[in-house]
Amino acid sequence: ALNWRPSVLTVPFAGLTPSTGGATGNSSSTAPRLRPAAFSPEQGAPGDFERLANSPLPLTCVVEDPVTWTVYGQANSGTAFYRYRALADVWEPLAPSPIHSSNNGGAALLNGKIYTVYTSSPSMGVYDVGTNSWAVYTNPTGGTGNIASDASRYLYLVADSRFFRFDTANATSAT
């Protein structure tokens with residue numbers, strides 16, 4: 001019998017902390033650092049889901065910023081846009097999106113901007129976290145909720161089998 005044991009290599013991770021910048025390009029939050037709440041029975045055991053503050057409305061286009069410990073989301077079938085501050089467990093309204101989400105949107109965070117796309121729109125919303133303002137670009141797919149970032153320069157969009165790369169540095173798209 002073959003007696004094989006996998007080897008495990010442990011590599012220390014000197015990763016991101018709330019006080020350092022990161023791949024998102026967002027600056028560190030200036031909000032006061034709050035300690036995590038003490039354990040309570042409502043939280044459950046480690047590995048369980050913890051109940052947090054409800055979002056103001058049902059959301060789509062949800063994306064997280066691990067550097068600032070925030071989550072962003074747009075109202076499903078609407079234009080309202082929100083930020084969730086994880087350390088305080090609160091939602092706050094931001095500048096509304098210029099694009100109605102209809103349904104089934106996606107979002108990606110890249111270099112301090114949140115890019116939102118929608119299955120029912122040929123447009124892409126671009127939210128600037130630093131200025132709380134929006135711009136609108138053309139979505140080359142004609143409508144999709146599938147978007148991802150490489151955390152450096154490019155966004156990737158897919159609709160059916162059509163795959164696109166969006167160069168945010170040069171504002172061009174390529175198939």
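The values are calculated or read from the model by the stated rules, or taken from the named source; none is laboratory data. Owing to the predicted nature of the structure, the values given are computational and were not obtained by experimental measurement. Cβ sites come from the backbone with ideal geometry, for glycine too, and all protein chains shown count toward neighbours. Remember, those area values only see protein heavy atoms, side chains included, never the ligands or the DNA or RNA. Shrake-Rupley method; radii C 1.70, N 1.55, O 1.52, S 1.80 Å.
A few remarks follow.
- Residue list for the range 112-132, filter: open to solvent by 50 Å² or more (accessible area, probe 1.4 Å), closer than 23 Å to Thr70 by Cβ and either among the aliphatic types (A, V, I, L, M) or out of contact with any Leu (no Cβ under 7 Å at 6 or more places or on another chain) (or both): Lys113, Gly130, Thr131
- Qualifying residue in the range 55-74 (condition: hydroxyl-bearing (Ser, Thr, Tyr), farther than 24 Å from Ala159 by Cα and surrounded by fewer than 20 Cβ atoms within 10 Å (Cβ to Cβ)): yes
- Top-ranked residue in the range 133-166 [being more than 25 Å from Pro66 (Cβ to Cβ) and charged (D, E, K, R); ranked as most open to solvent (accessible area, probe 1.4 Å)]: Asp160
- Within the range 80-98, residues that are of a type in the set (Ser, Thr, Tyr) sit with their Cβ atoms under 7 Å from residues that are assigned to a loop (DSSP other than H, G, I, E, B), at 6+ positions apart or across chains, in these pairs: Tyr82/Ser55; Tyr82/Pro56; Ser97/Thr79.
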